[in-house]
Amino acid sequence: MYAKLAWRNIRRSVQDYGLYFLTLVFAVAIFYVFNSLADQPSFVSLRESTRRMAAGAVEMLEWLTVIMTGVVALLVLYANRVIIKKRSRELGTYLLLGMEQGRLALLLMAEVTLIGMAALAVGLAAGIFLSQFFALVVARLFGASLTGHAFVFSGGAAMKTLLTYGLAFVAVGLWQAAAIYRQKLIDLITGAQKNEEMRLRRRPVSLALGVLSLLALGRAYWLADQVSRDAAVNPTDSRILTGVVLGVVGTYMLFLGASGLLAGLRRGRGEKGGWLSRGLNLFLYRQVSSKINTHAGMLATIALMLTFTICAMSFGLGLGRGVVAAADQSTPFDYLFFSADASEEFQEYLRLFDQYGVTKRQEVRFFSRKSELRGKDLMLPSDAKGFEGQGVAEYMAEVHAQVVPASAYNRLRELKDYGEMKLPETGFLLHFNGKQSVQAEQVRQAYERFLGDGSAVVDLAGQRLRPAATQVFTEPLGSQLTGHAVVLVVPDAVAAELYPFGSYLVLDVKGEAPAELDSALVRLYESRPAGVWMTSEIRAENMGRTFALESMLLFLVGYIGVMFTLISATLLALQQVTDAVEHRQRFEVLRKLGADDRMIDGTIARQVGLYFLTPVAVALLHSCVAMVALARLFRLGAGYTTVWSATLVTLGIFALIYGAYYLLSLQSCRTLFKEPRPQ
Amino acid sequence: MTQQEPILQVEDLVKYYGAKGSITKALRSVSLTINRGEFVGVMGPSGSGKTTLLNLVSTIDTPTSGRVRVGGKDLAGLKRSELARFRRERLGFIFQDFNLLDTLTLGENIGLALSIAGRGAGSDRRVADIARRLGIEDALDKFPYQVSGGQKQRAAAARAIINQPDLILADEPTGSLDSRSAQMLLEAVDDLNRELGATIMLVTHDPFAASYCQRILFLKDGQLFTELVRGDATRKAFFDQIMAVLSLLGGGGGDVR
């Protein structure tokens, strides 16, 4: 009988608190997915030196998972308290029938633990399944190479998931049992009858709160707009802190004062009411406004969590993409070495390639040449003047152009399949990376205007050169070659007349070079003679480092974001189910008053929908303002334009989770409000 | 009424609620005795302390002072485990809202009391016996939401008596029943009292329900106001007497049905 009782109770718990169960499953799955990161193929394929760096990210993730487990444990505890409160009469009945309190505590512990274990099992399975997709996402995001679609299973992560969540569930079970053991029978028997306190605020107070909140939020939005318009943002700008504080305080006040605002709005519409007088709308309005009123604090917290989630996730995703694109741009070649010492022949470097058996390689060696031409000499005078005092743009106009012989330029293009550029004996080309920033793009346009001007000529080594194309080429050639300075491509004969500026060795390797080679190259580079300007760009190292650094950010925000969304949705869903008893009576009254099933179903859908949407609407509004500001900031600062697509991805993920929770809690509300209840 | 063995003895029972500043004196000082086989009603207006008295007798709550003895045993001296044992062996409960577990069928609800008491073996037969006596043998396999309020309450009554307790405590058992169901339930309870000799303490504000009792204790403002014994009076006559006391008390009321 006891076993039967426990089993029936669990079945009902799963039915009533399916969403809570689902959250546990998700939490476990996500925990596994993130912890299996270290065993992901794209992660394993990282070079040794970068994996060492990435280990930092993993360590950080581990800390984060500990914190998140704590948060989930708190949610479980809260959910169980809510459930116990709802079941208090039932538990009291067991005691009245003479069940010993210790036995009841054991029964409950068994229930909690069993549900936890079930969630653990399902969650782990889901996590293993999800991590297969996660591997693809990681690879896609960071351009890491993914060899084959092998099934990924991380025993370590599975073990860790089992231990962490197992312990968490057992701990919550014990806590629950202890709480029940201390509970007085009278509180259990009468507990269910105690209604939640109605926190009524006087109308003028709540109206004042509402107006104040609008003022605070308006001011916060305005500040965000102002700050983002500054060319250079100082992170310690006091306006940022003020804006955030005003936003947070304003959000809480908004929900606290919502009833007052709504009432004001209603009065503003006039006595006829229109919408309100139709069907069950007045009832709906009262339901929702009273819920917002009683749960103002929770809803405001959820709105803020969601705002943070949307901003952090889209920002993180956008930044991740931006950084990868930038890394790709700055290191298009597998290897690029530069030395300002023109006698450098890179023999030691090449020997290392041979030593590690990397013989299938394409090399381009050339000298770039010095010229007296500055960037501004390749612009129309009006443009050059316009860049004066414009920070980076002015610097770009002032720096000397780097002259590259046409043959070397074309061999570089050939390496990357950019297509050959024919250059007449008296022609020149310009190559400039305008994608690095907004200012750079303005400079590039200035170069293009110069080329398009019919009178454009360049005098070099006694030769008069004319533009061979009206277009400035922008294909990535690495940050050493295409940084702030413009690349001036001239016929080999002209270049030969100029003094060498520096020596370049550019290599592309067929297939994968061993990671040991990269490490050896890094060591060699680090032991370069002092006083000589050298640079080294090793693509694998660079991308790996980018991956390691950005994965920290991305996983941080991704993890927090998904968990926050889950927790918010669970809180809302739990609230719905907990209030169900109270609402059931109201809906029964409505039914007795003659409302048909369709009307009631519609009202339930709209009630749950409004309740779910209110915090989202506020969060979306907040995020919109924040995202516009952030997008503007980052466009000004760096070549970062992907933020909107990242926002869309974020909203998609968010809508998926949130929508699923809405539908499920709608379903559970409908079944709860309908008598008889199916077993 | 030849037996005079006291089942319930309440001496100078006091119960205060609330903290300093706002103390509610739910029970000021109540003493009473119920003998084995009696069917006793407790009446009084709202706030007179009926439910508090019931909660103290039923070990749901603990008194501020005074003592409660059931079958000679002082409740105050009982340990946790003894209390549980006491509840399952000596007491039976019937509540206004039935208090059945909605995950179990009526039969399982009745049987639950047996299995908690560790007498699960052969429980089906005993459950069927009791159910037949209360006229719900056809509803045993149904869930609480599938049956009427009257059937639910009779199932609750069956659960209350299946362990043959010394004392059955009923808190407004007819409160959520229609008059016909209420009558059926009261007759069933009356039968239990007569045929099985069950001792019953019925808390109610409904004079019709009270008219089934043999003796009625009236509470007012947390104190015993008066006592009414049916004796040989007909139920109708007893009902009129109850009404007279109630009008004196200034609460309750109702019509002859």
All-but-one check, B:L106 against (1) among the aliphatic types (A, V, I, L, M); (2) within 11 Å of chain A (Cβ to nearest Cβ); (3) out of contact with any strand residue (DSSP E or B) (no Cβ under 7 Å at 6 or more places or on another chain); (4) surrounded by 22 or more Cβ atoms within 10 Å (Cβ to Cβ), failing number (2)
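Name the single residue that is farthest from A:Y94 (Cα to Cα) among those in segment B:72-87 being among the aliphatic types (A, V, I, L, M) and in contact with a strand residue (DSSP E or B) (Cβ under 7 Å, 6 or more places away or on another chain). If you could, list the steps in order and put the result at the bottom.
Just the residues of segment B:72-87 that are among the aliphatic types (A, V, I, L, M), to begin with: B:75-76, B:78, B:83-84.
Pick out the ones that are also in contact with a strand residue (DSSP E or B) (Cβ under 7 Å, 6 or more places away or on another chain) and you get B:75-76.
Working: B:L75: 19, B:A76: 21 Å.
If we take residues in segment B:72-87 being among the aliphatic types (A, V, I, L, M) and in contact with a strand residue (DSSP E or B) (Cβ under 7 Å, 6 or more places away or on another chain), then B:A76 is farthest from A:Y94 (Cα to Cα).
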Expected output for segment B:70-89 (first residue more than 8 Å from every other protein chain (Cβ to nearest Cβ) and aliphatic (A, V, I, L, M), partner surrounded by fewer than 15 Cβ atoms within 10 Å (Cβ to Cβ) and outside any helix (DSSP H, G or I), Cβ below 9 Å, 6+ apart or cross-chain) is B:L75/B:T62; B:A76/B:T62
* To do: Considering every residue within segment B:241-253, establish whether at least one is within 23 Å of B:E38 (Cβ to Cβ), of a type in the set (A, V, I, L, M), surrounded by fewer than 20 Cβ atoms within 10 Å (Cβ to Cβ) and out of contact with any Phe, Trp or Tyr (no Cβ under 8 Å at 6 or more places or on another chain).
  => yes
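Is there a residue being polar (S, T, N, Q) and over 25 Å from A:G98 (Cα atoms) anywhere in segment B:186-204? Break it down into steps so the answer makes sense when it comes.
Filtering segment B:186-204 for residues polar (S, T, N, Q) gives B:193, B:199, B:204.
Filter once more, keeping what is over 25 Å from A:G98 (Cα atoms): none.
No, segment B:186-204 contains no residue that is polar (S, T, N, Q) and over 25 Å from A:G98 (Cα atoms).
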For segment B:201-209, state whether one or more residues are modelled with pLDDT of 90 or more, hydroxyl-bearing (S, T, Y), in contact with a helix residue (DSSP H, G or I) (Cβ under 9 Å, 6 or more places away or on another chain) and surrounded by fewer than 21 Cβ atoms within 10 Å (Cβ to Cβ). no
Discussion item. It is to be established whether one or more residues within segment B:136-154 are facing chain A (nearest Cβ under 10 Å), under 22 Å from B:L202 (Cα atoms) and at pLDDT 85 or above.
Written reply: no
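Being more than 30 Å from A:S645 (Cα to Cα), among the aliphatic types (A, V, I, L, M) and modelled with pLDDT of 80 or more, is that true of even one residue in segment A:310-318? Talk me through it step by step, then tell me what you get.
Taking segment A:310-318 first, the residues more than 30 Å from A:S645 (Cα to Cα) are none.
For segment A:310-318, residues more than 30 Å from A:S645 (Cα to Cα), among the aliphatic types (A, V, I, L, M) and modelled with pLDDT of 80 or more: absent.
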Restricting attention to segment A:384-398, the residues that are crowded, with 20+ Cβ neighbours inside 10 Å and either touching a Phe, Trp or Tyr at 6+ places or on another chain (Cβ under 6 Å) or more than 20 Å from A:Q436 (Cβ to Cβ) (or both) number exactly 2
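Residue-wise test of (1) crowded, with 16+ Cβ neighbours inside 10 Å; (2) under 28 Å from A:E475 (Cα atoms).
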residue: A:T301; (1), (2): yes, no
residue: A:L304; (1), (2): yes, no
residue: A:I310; (1), (2): yes, no
residue: A:D334; (1), (2): yes, yes
residue: A:S382; (1), (2): no, yes
residue: A:V403; (1), (2): yes, yes
Reported set for segment B:109-121 where residues are facing chain A (nearest Cβ under 9 Å) and buried (at least 20 other Cβ atoms within 10 Å of the Cβ) is B:G111, B:L112, B:A113, B:L114, B:I116
Among A:R361, A:R413, A:R374, A:R351, the single one that is free of Cβ contacts under 8 Å to residues at least 60 places away in the same chain and under 29 Å from A:R539 (Cα atoms) is A:R351
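Does segment B:220-235 hold any residues that are touching a residue at least 60 places away in the same chain (Cβ under 8 Å) and closer than 18 Å to B:T33 by Cβ, and which are they? Reasoning before the result, please.
The first filter runs over segment B:220-235 and keeps only residues touching a residue at least 60 places away in the same chain (Cβ under 8 Å), leaving B:220-225.
Within segment B:220-235, B:Q223, B:L224, B:F225 meet the criteria.
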When every residue in segment A:73-108 that is away from every other protein chain (no Cβ under 12 Å) and among the β-branched types (V, I, T) is compared, the one farthest from A:T570 (Cα to Cα) is A:I84
Note: among B:F208, B:F238, just one is outside any strand (DSSP E or B), in contact (Cβ under 8 Å) with a residue 40 or more places away in the chain and among the aromatic types (F, W, Y), namely B:F208
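Across segment B:90-103, what is the total count of residues that are over 20 Å from B:A198 (Cα atoms) and more than 10 Å from every other protein chain (Cβ to nearest Cβ)?
Going residue by residue through segment B:90-103, those that are over 20 Å from B:A198 (Cα atoms) are B:97, B:99-103.
If we keep only those that are more than 10 Å from every other protein chain (Cβ to nearest Cβ) as well, we get none.
The number of residues fulfilling the criteria is 0.
Condition check: at pLDDT 75 or above, among the acidic types (D, E) and assigned to a helix (DSSP H, G or I). Does A:E582 satisfy that? Can you show your working first?
On the way: at pLDDT 75 or above: no; among the acidic types (D, E): yes; assigned to a helix (DSSP H, G or I): yes.
When the stated conditions are applied, A:E582 does not pass them.
Has segment B:49-61 got any residue that is away from chain A (no Cβ under 14 Å), touching a strand residue (DSSP E or B) at 6+ places or on another chain (Cβ under 6 Å), in contact (Cβ under 8 Å) with a residue 60 or more places away in the chain and under 18 Å from B:T204 (Cβ atoms)? Break it down stepwise before answering.
Let us first name the residues in segment B:49-61 that are away from chain A (no Cβ under 14 Å), namely B:49-50.
Subset that is touching a strand residue (DSSP E or B) at 6+ places or on another chain (Cβ under 6 Å): B:49-50.
Next, only the ones that are in contact (Cβ under 8 Å) with a residue 60 or more places away in the chain stay: B:49-50.
Applying the additional criterion that residues be under 18 Å from B:T204 (Cβ atoms) yields B:49-50.
Taking every residue of segment B:49-61 in turn, at least one turns out to be away from chain A (no Cβ under 14 Å), touching a strand residue (DSSP E or B) at 6+ places or on another chain (Cβ under 6 Å), in contact (Cβ under 8 Å) with a residue 60 or more places away in the chain and under 18 Å from B:T204 (Cβ atoms).
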Within segment A:627-648, of all residues that are of a type outside the set (S, T, N, Q) and not in a helix (DSSP H, G or I), the one modelled with the lowest pLDDT is A:G639
Here the residues within segment A:444-474 that are loosely packed, with under 15 Cβ neighbours inside 10 Å and not in a helix (DSSP H, G or I) are A:D453, A:G454, A:S455, A:V457, A:D459, A:G462, A:R464, A:R466, A:T470, A:Q471
Residues of segment A:160-188 being over 20 Å from A:G116 (Cα atoms) and either away from every other protein chain (no Cβ under 14 Å) or among the acidic types (D, E) (or both), in sequence order, are A:D187
Subset of segment B:58-70, residues surrounded by 18 or more Cβ atoms within 10 Å (Cβ to Cβ) and more than 12 Å from B:E11 (Cβ to Cβ), comes to B:S58, B:T59, B:I60, B:D61, B:V70
Exception for B:Q146 within (1) within 17 Å of the chain's Cα centre (by Cα); (2) among the polar types (S, T, N, Q); (3) farther than 18 Å from B:T199 by Cβ falls at (1)
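The values are calculated or read from the model by the stated rules, or taken from the named source; none is laboratory data. Everything numeric here is computed off the predicted structure, so don't read it as measured data. Virtual Cβ from ideal backbone geometry, glycine too; neighbours counted across all protein chains shown.
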